[in-house]
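In what follows, a single structure is set out as structure tokens and then discussed.
Every number in this text was worked out from the coordinates using simple rules, so none of it is lab data. The shown structure was predicted, so the numbers you read here are calculated from the model rather than taken from an experiment. Backbone-built Cβ (ideal geometry, glycine too); neighbour counts: all protein chains shown.
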Amino acid sequence: MPRGSSSLNLIIGTAPAESFSLEHDLRLLKVALLYGDRALLCSPAASQLFEMAGLKQSFAVEQGNRIEEPDAKGLALVVVAALVLAYFSIGRDQRLHDLRHAEWLGRLPPEIIAAVERLTSDLSRLHQEIDRLIEDPELRAAIEEVSLAVRSGNVDVHSFGMARPEEAVQAFVTRVTEAVVDGESFPLLDAATGDLIGRALRDRQAPDPGPAHHAKHVHLAAHLFERLPAFEDATVAEILDLRRELDPHLVRFRAAMLGFADKIASAPWDRDFTRDAERVILHDVEPAILSIQEAVHDNRVVAHLRRHTFQQDWKLAASGTIAVGIAQWAHLPTVLIGGALGASLPLIRLVNGAMEARRQEHRSIERNGLFFYYRMRDEMRRR
């Protein structure tokens, strides 16, 4: 855990893209809900959409609660006053903003400046089309999924307000870079953000392997989750249910991920990371999952055989009990009755011993570090 923290706190970084979608945000959010304790979603696009949806909802509620018609004349005066103030201040604010942004860009390497300008361009287009986009049913459904994650208490959305695209991108790059370098949170980044952060770290005078090291196990877990057939279609509600059900096994799963991540040489933002992660999954993780599956199967087979044997033995015990009843009715010697009862005691001890043995076998299986993932895969296949 970062700097002695007992919680696994994640920062999710998703960059603005050409296609306006929350697909990457939701995918990484679901990973965070399963693997982390708390998560901060740092996404300029998601922040803008999330806040605009909230403003529209608040406005609709306010309009619904309003009894009297609004004062159209008073409202017009307020709007005109705001426009006049904006006219006199916008030139000064824009010049100050441009100077600050140019100063910040001047401190960045050329290749990072190009990436930042692409992000700014994509976010600017989102600003221009946000009123239309916010009415899209699929996007509104995605916003509601993010809202559900926030209401769970495990996720926060970093607010960029309604800042200019240049300011929002600058704040985004600064926030994520600081989080990665400081090690206060475990980074979980999409491809574009990872590429940007990787470039920034490579350009530092003394690269620190720490950020890459403590980010690897989180990204490895993400790769594992994304391999699940039903993961993409799982809702936030289903993910929250799975997390509550499997929470007792999460600590060992994290420890297993740390161990497997040590075998990966590349950083999560390197091009080779996906290839290296797949190699570890195929060479180490999948065989371990198969071993759990076989152990569970063997345990079930043994349990079935034991139940079958017990049923046969209990039939014999039942016949002995009938004999005891006959003996009582016929006033047979009590020594025979005691012998019949005593004959069932070893069977009772055998049943108790078998049940305890099965419990121990089950606990042994659950202690495997990948039992969390095995159960999650099993549960998703049933849905």
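Quick one: plug the Kirkwood hydrodynamic radius of the stretch 132-275 (C-alpha pairs) into Stokes-Einstein at 10 °C, 1.306 mPa s, and report D in µm²/s.
The estimated diffusion coefficient comes to 91 µm²/s.
If packing is taken as the mean number of other Cβ atoms within 10 Å per residue, what is the order of 143-151, 33-41, highest first?
33-41, 143-151
Taking the mean number of other Cβ atoms within 10 Å as a proxy for protection, how do you rank 119-126, 135-142 from highest to lowest?
My ranking of the peptides, most packed first, is 119-126, 135-142.
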